[in-house]
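Written out below as structure tokens is the structure these notes cover.
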């Protein structure tokens, strides 16, 4: 394995937004962009803008913000994510992944704290993209992402119970179990009309999905419920009665109030927001690639997500990321370029400028119904149960731990613990695939000296007091201590040790330290140490650390035969005087 090279993760072409391809004169298929293409993008953009309208407001309300903040986020972040993004079809805006973390930040630090956290998360996302981490995010273990995604879905669903049932609760607790105590205590204050509106909206959404899957079910459900409540004068809480409606126009830019104490307190939440934004946006981009055959640019996508979140924060909005459902709607509506995402943003802007008063009559119960359906989809319990039943036990433990901690504590802590457990799991598996075996047990076969080993070659003849050991797999900190026990296992002290490293793709500083310690043990016992068949990355690392100079370059051989030759005594001719 070659030494780590940042250039392999990052190149200049990684930072060309897909929108710029519209003006490219090279052989890109987008160069044929025409009025017909613009027409398709406009239709798709308006369609997805209409779909995003209730979702942007609903997610913001669920997170403890105002409906206007959700719309501001979809406008600002949605524009920059499409304009600068690495995907042709990505639609950015508020999503369910952030609801729980935003709710906690607002509860502890207010809207001002959320703006600071969103700004810092945007900066982190830009740095992640510039440093080439976009290609590495995909390696976050599936049990971790599934665990917190399902947990978020459960929390979002439960947070909607107050508005769905019309319960008389002044402010719902951010704690899962405490909130359920409030629901039980206030159960008999439920409003039948509100519950009817919520159930009716949910029924319409599910019916439209089944009978007319091409229609935006959430939009149809919200529109139907709003019209019924308005024309029949149903007494239920609306956006207008709780929030006073939505301002007509964009807000003045908001500068984050930075101070070190606040920044320090917000760092865990900030990294969680950045990580969630990176994971969901790249997952959405992968889904778009699967649907279209396109290929997104992960690093540029992260940069765009970062700029979009910074822009949303300056508008007083909430965190944003790529939205899978809206991106899929964009594609199904005929989008051909990032222009559709820009049109989606402009559609929401036009709504705020000219139709904001209409939003005031939207019942909160119907928005809760939309979020309940989205939360159920997000949870994907069929996938969750499949992993629990069929995955290795270690994966199941990581999944269930992340899921339970997301619900019982908070998302930041759950993600941190999940990632730590995933690292431990990775370490466990590295240990399982890395071995240090002696010449009697090369490979999975019990073979004798001189017989054929796992590589299909016979071990050369060598002195009986020479021990040959082979290291297979990465020689990292998790397996380095194996080397320390070799001398204890050997019944009779050998005259020489040969360590074969032909199957060691990489070595870290702990592995090098283990080799140094082993060399010291050998010298103390007057045992010659030779290493053979060292690959490029380990050899470079050993040279840089000074180990080869300490061992002696002559004791590093290209083949096992050369190593064995070094262990044989040299016969000298002594003249007879």
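Values quoted throughout were computed directly from the atomic coordinates according to the rules given, and no laboratory measurement underlies them. Please read these numbers as outputs of a predicted model, since none were measured by experiment. Note that each Cβ is placed from the backbone with ideal geometry, even for glycine, and that neighbours are counted across all protein chains shown.
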Would you kindly state how much longer the chain becomes between residue 230 and residue 242 on full extension, computed as 0.36 nm times their sequence separation minus their alpha carbon distance, in nm to one decimal?
2.7 nm
Suppose each label sits 7 Å from its Cα in the direction of the beta carbon; what would the residue 260-residue 550 distance come out to in nanometres?
3.9 nm
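Among 56-67, 72-83, 254-265, what's the highest-first ranking by average C-beta atoms within 10 angstrom per residue? Before the final figure, lay out the partial values.
Values: 56-67: 26.3, 72-83: 29.1, 254-265: 12.2.
So the order, starting with the most tightly packed, is 72-83, 56-67, 254-265.
Once you have the Cα-Cα distance between residue 397 and residue 295, take 0.36 nm times their residue separation minus that, and quote the gain in nm to one decimal. Show your work: numbers first, answer last.
Values: separation 102, 0.36 × 102 = 36.72 nm, distance 3.39 nm.
Length gained between residue 397 and residue 295: 33.3 nm.
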Taking the number of other C-beta atoms within 10 Å as the exposure measure, put 210, 88 in order starting with the fewest.
210, 88
What share of all Cα pairs of the stretch 255-389, in percent, falls into each consecutive 10 Å distance bin?
9, 28, 37, 22, 4, 0
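Can you bin the stretch 507-571 into rounded, prolate or oblate? Criterion: square roots of the alpha carbon gyration tensor eigenvalues sorted a ≥ b ≥ c, rounded for a/c under 1.5, prolate for a/b above b/c, oblate for the rest. The partial results should precede the final answer.
Values: a/c = 2.38, a/b = 1.33, b/c = 1.80.
Note, shape of the stretch 507-571 comes out oblate.
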Fraction in percent of alpha-carbon pairs per bin - 5 Å, the stretch 330-423:
3, 10, 11, 12, 14, 12, 11, 15, 9, 4, 1, 0
Can you pull the one-decimal nm distance between simple spin-label points at residue 404 and residue 420, each 7 Å off the Cα toward Cβ?
1.6 nm
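Starting from the eigenvalues of the Cα gyration tensor, five times each then square-rooted, give me the equivalent ellipsoid semi-axes of the stretch 116-183, largest first, whole Å.
Details: eigenvalues 242, 55, 15 Å².
Values for the stretch 116-183, descending: 35, 17, 9 Å.
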One checks the Cα atoms of the stretch 222-327 and finds Rg and Dmax, in Å, of 19.0, 53
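Looking at the stretch 69-174, what % of the alpha carbon pairs are farther apart than 16 Å?
Values: 3982 of 5565 pairs.
So the portion of pairs separated by more than 16 Å is 72 percent.
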Structure-based [θ]222 nm, the chain - -39500 (n - 2.57) summed over DSSP H runs of at least 4, per residue, nearest 500:
-19500 deg cm²/dmol
If one takes the longest principal axis of the Cα atoms in the chain, at what angle in degrees, from 0 to 90 and to the nearest 10, does the Cα axis of helix 142-159 lie?
20 degrees
List 556, 358 from most exposed to least, where exposure is judged by having the fewest other Cβ atoms within 10 Å.
358, 556
On each of the three principal axes of the Cα atoms of the chain, give max minus min coordinate, whole Å, ordered largest first.
124, 63, 51
Over the chain, relative contact order from alpha-carbon pairs under 8 Å, at least 6 apart, %:
22 percent
If each residue of separation counts as 0.36 nm, what is the full-extension length gain between residue 464 and residue 539 once their alpha-carbon separation is subtracted?
24.2 nm
Just to be sure I understand: of the beta bridges DSSP finds with both ends in the chain, what percent are antiparallel, rounded to 5?
35 percent
Would you please give the FRET efficiency between residue 20 and residue 195, computed as 1/(1 + (r/R0)^6) with r the Cβ-Cβ distance and R0 = 60 Å, to the nearest 0.05?
0.75
Run the simple label-point estimate for residue 388 and residue 361 please: 7 Å along Cα→C-beta, distance reported in nm.
4.5 nm
